[in-house]
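The values are calculated or read from the model by the stated rules, or taken from the named source; none is laboratory data. From a predicted model like this one, the values you see are computed outputs, not experimental measurements. Note that each Cβ is placed from the backbone with ideal geometry, even for glycine, and that neighbours are counted across all protein chains shown. Ligands, DNA and RNA are stripped out before the accessible areas are found, and what is left, the full protein with its side chains, is counted by its heavy atoms. Shrake-Rupley method; radii C 1.70, N 1.55, O 1.52, S 1.80 Å.
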Amino acid sequence: MAKNPYTNAPPVPSSPNGSVKEPFFGFIPRKVAAKDARRVMGGDINPFTKQPFTPQYKKILEVRKKLPVYTQMDEFYRMFNEHQIIVMVGETGSGKTTQIPQFVCYSDLPHTRGKLVACTQPRRVAAMSAAKRVADEMDVPLGRQVGYSIRFEDMTETGTTFLKYMTDGMLLREAMNDPDLSRYSTIILDEVHERTLATDILMGLLKVLARRRPDLRIIITSATLDALKFQRYFGLKKDKPAPLFQVRDRAHPIEVFYTQEPEPDYVEAAIRTVLMIHRAEEPGDILLFLTGEEEIEDACRKIKLEANDLLNQDPDSVGPLVCIPLYSSLPPQQQQRIFDPAPAPRTPEGAPGRKVVVSTNIAETSLTIDGIVYVVDPGFSKQKVYNPRIRVESLLVSPISKASAQQRAGRAGRTRPGKCFRLYTEKDFMTELEEQTHPEILRSNLANTVLVLVKLGIKDLVRFGYVDTPAPETLMRALELLNYLAALDDDGNLTPLGAIMAEFPLDPQMAKMLIVSPEFKCSNEILTIVAMLSVPNVWLRPVNKRKEADAAKQMLTVSDGDHLTLLNVYNHYAQNMHDRNWAWNNFLSQRALAEAENVRSQLQRIMERFDIDLISTQDERTLYTYIRQALVCGYFMQVAHKEGEKNAYLTVKDNQVVALHPSCGLDSRPDWVIFKDFVLTTRPYIRTVTAVKAEWYVHFILSLLGSWIDSCGASHAGFSNTRRTTSTLVHSRMARRNAHCKRSPRNVLVAQGRSQMRSMRGSHCGTMRALQAQVRSRWAKEMLKILLSP
Ligand SMILES: Nc1ncnc2c1ncn2[C@@H]1O[C@H](COP(=O)(O)OP(=O)(O)O)[C@@H](O)[C@H]1O
Ligand SMILES: [Mg+2]
């Protein structure tokens, strides 16, 4: 046979009759048996590229063959070929994430039918890392046949990619525009035990979709043994649960140790324990769980210092130690370091080296690190909690659940018997820890989720088939916010504005702000601000250079608000040609800035799709004012007012006493501020804060409530005065608005506002509307009282 002129590869061997041998010859989708799949995997030709397999492929295949999932391939294919929905449980590291999607591809043959196989992950890191590993395992370049899709980063190729790892949030976004998810032949919801918001909603959707699409296969995988709950949930008939595929694991025994007394300082105790293991225990790597970036970097530094001291004091009995941090905002190349081997001994006869990985709970199930023998578990993780009453969502360091503790311990016994050191007492473990971590849907702000659900056409939010139903109050709060933002009308229907808002992968507040920004002639700037708010912290503050870093930050600070400062930073970065050195010299993270640039261009594309103009006012003096006014349109629910004592603010909507976060760059204490986050650490803080004027706020509320206030009989002398002046302003604004644009979303917004007011005047309303009206009148009264008080 002739050499293929288009590739440098050697010719593909041909069969006796001269035709090219197709490895999948005779395969019928979903009738494939394990022995056939194994034959192709163990063959010489890659069935997806028709190129010969590389030696690297064969080497990895030998490793894969030892994974528990691989050894159960026959059982898997029997079950997969027969059932539409499978629930799968197995220990972390048994091969669920990397192997099952490949098995499915060998049976679905999605590449021959223009379909895709999706595997969802709760975390971006896991989606990227799994896709990379699986691309290697399948001997294809990442981003071609195997790719990943995470928010603001699409590493797939239309028409070529047939196996896609993606965050659960991305699949949910796709469902908004294609409720049948018709591109997918099989959907694997991985790590459902994490019970993230998006995974929970996807479970509800897929349960219904399975009836509409009998050809769709669904696999639900979980690391822990709450399988029966999911089996029942996905049972197609009432008393017939979905079948369970249980990965039989060959884990080694793990010895668990507790402390005798509670530890007053868990970080200090953790460092002590790691060093104790390094000094006294057999060779083997250590995994320490801490709660967040700062804590982890700090601990790594301390461990390294002390380990070096040990090595200098006693070079014969302790080996070298490397300490590797792991958290989700770390760049991917650095995350890959967890797979590096432990350091070699310093001399051929010297003590062996040891690797210590200090990680957030992403090492609990999302990423598997081989070679871990010792686990140090202080018993804490950062968890999101939401209080709908004061509508505050915060990340709190909280005790983990028993299930988490067990999962953490399980990381120790993967390759040989392991040890787990729990830095709490056995009694606390038995009596204080909850059985399971609460699903995120029960502890989150649901504004975004509700917008997505409404866009998906879910009419009855209360009776949507949740695995665990969220509190009605949380749903109410979400509806209320979306209604104020004019994304939903008073009957809970999606407005045209809401439909556009849902297209932006942003919080509804930010989406709204972006959509209305052309009206304030600052959409260029708001786009930058939104992009900067969507990436990790850009400020670097190395421990030994805090002063210099703070001084550099001061130079870039705009005194009227942190949002303006972010804009300023980005503009300087752009003026300096995106220069790495400029960023470095100014103590800025070039990676975060580059990410902001990418996010900005992606959001810009969505704006163009909806005809949202990119404009900047030519008048520099008013630019910052316009920007701040646009900010009010998105963040009007997150407003605080100065209260007596210096640095104390009171949030308007919920009456929380808060302070400006130390990172805040305001040089004075303005009466009114809007803020992006409420954070609860040593005390409640508001973070990313910008000064606003009360009158802008009054405008906004009045244009929102409009004539409704008349109908509820608000009669306040001061108020009617304010009303008159502001309504003139509102009118002139509207006139300007209309003169500028005929068909853009801002007109939609105006129309929306009007119809909203009209419908509010009607007094016959359903329960939900009545409730909403109640909340609204309470809010309006409180707000006006504060605004109009002298
Ligand atoms: N990025 C990677 N680099 C090297 N090995 C990996 C990588 N990801 C996974 N592995 C290997 O594959 C095995 C199975 O991992 P995975 O499929 O993620 O298991 P599970 O999903 O069951 O927790 C791991 O134990 C590890 O040996
Ligand atoms: Mg996994």
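Taking label positions 7 Å along the Cα-Cβ direction at both Arg272 and Asn308, the computed distance is 2.4 nm, reported to one decimal.
Think of a 1.4 Å ball rolled over the protein heavy atoms: segment 497-557 then has 34 Å² of accessible area per residue. If I compute solvent accessible area with a 1.4 Å probe over the protein chains, what percent of it on the chain is carbon and sulfur? That fraction is 52 percent. Helix 197-212 and the longest principal axis of the Cα set of the chain meet at an angle near 80°. Placing R0 at 30 angstrom, the Cβ-Cβ distance between Thr160 and Lys59 gives a FRET efficiency of 0.75 after rounding to 0.05. Across the alpha-carbon set of segment 39-198, the Rg to Rh ratio works out to 0.93, Rh being the Kirkwood radius. For segment 330-400, the fraction of C-alpha pairs more than 19 angstrom apart is 55%.
Calculated from the alpha-carbon coordinates, segment 22-113 shows an Rg and a Dmax of 13.1, 36 Å respectively.
Each of Thr368, Leu451, Leu423 was placed along the dipole of segment 347-459 (beta-carbon charges, centred on the mean Cα), and the one lying farthest toward the positive end is Leu451.
For the chain, the relative contact order works out to 9 percent when only alpha carbon pairs closer than 8 Å and six or more residues apart are counted. Charged side chains reduced to their Cβ positions (Lys and Arg at +1, Asp and Glu at -1) give the chain a dipole of some 2260 debye around its Cα centre. Full extension of the segment from Ala471 to Tyr258, taken as 0.36 nm per residue of separation minus the current Cα-Cα distance, would add 73.1 nm.
Convex hull volume of the C-alpha atoms in the chain, normalised per residue: 200 Å³. The Rg/Rh ratio for segment 561-688 is 1.01, where Rg is the radius of gyration of the alpha carbons and Rh is the Kirkwood radius.
Axis angle, to the nearest 10 degrees, between helix 694-705 and the longest C-alpha principal axis of the chain: 80 degrees. Take segment 603-688 with all the other protein chains still there, run a 1.4 Å probe, and you get 48 Å² of accessible area per residue. When the listed pairs Lys164/Lys553; Lys459/Lys653; Lys164/Lys521; Lys427/Lys653; Lys302/Lys402; Lys164/Lys229 are checked against a 31 Å cut-off, the alpha-carbon distance exceeds it for Lys164/Lys553; Lys164/Lys521; Lys427/Lys653. Relative protection proxy for 52-61, 102-111, from highest mean packing down: 102-111, 52-61 (other beta-carbon atoms within 10 angstrom).
Extending 7 Å from Cα along the Cβ direction at Leu614 and again at Phe339 yields two label points whose distance is 3.7 nm. A helix-only calculation puts the chain at -13500 deg cm²/dmol for mean residue ellipticity at 222 nm, using -39500 (n - 2.57) for each DSSP H run of at least four residues, averaged over all residues.
The residues of segment 106-230 expose on average 31 square angstrom of accessible surface per residue, using a 1.4 Å probe on protein heavy atoms.
Mind pulling the angle between the C-alpha long axis of helix 620-635 and the longest principal axis of the chain? Nearest 10 degrees, somewhere in 0 to 90. That helix lies at roughly 70 degrees to the long axis. Each eigenvalue of the Cα gyration tensor of segment 218-341, multiplied by 5 and square-rooted, gives one semi-axis; in descending order these are 40, 18, 16 Å.
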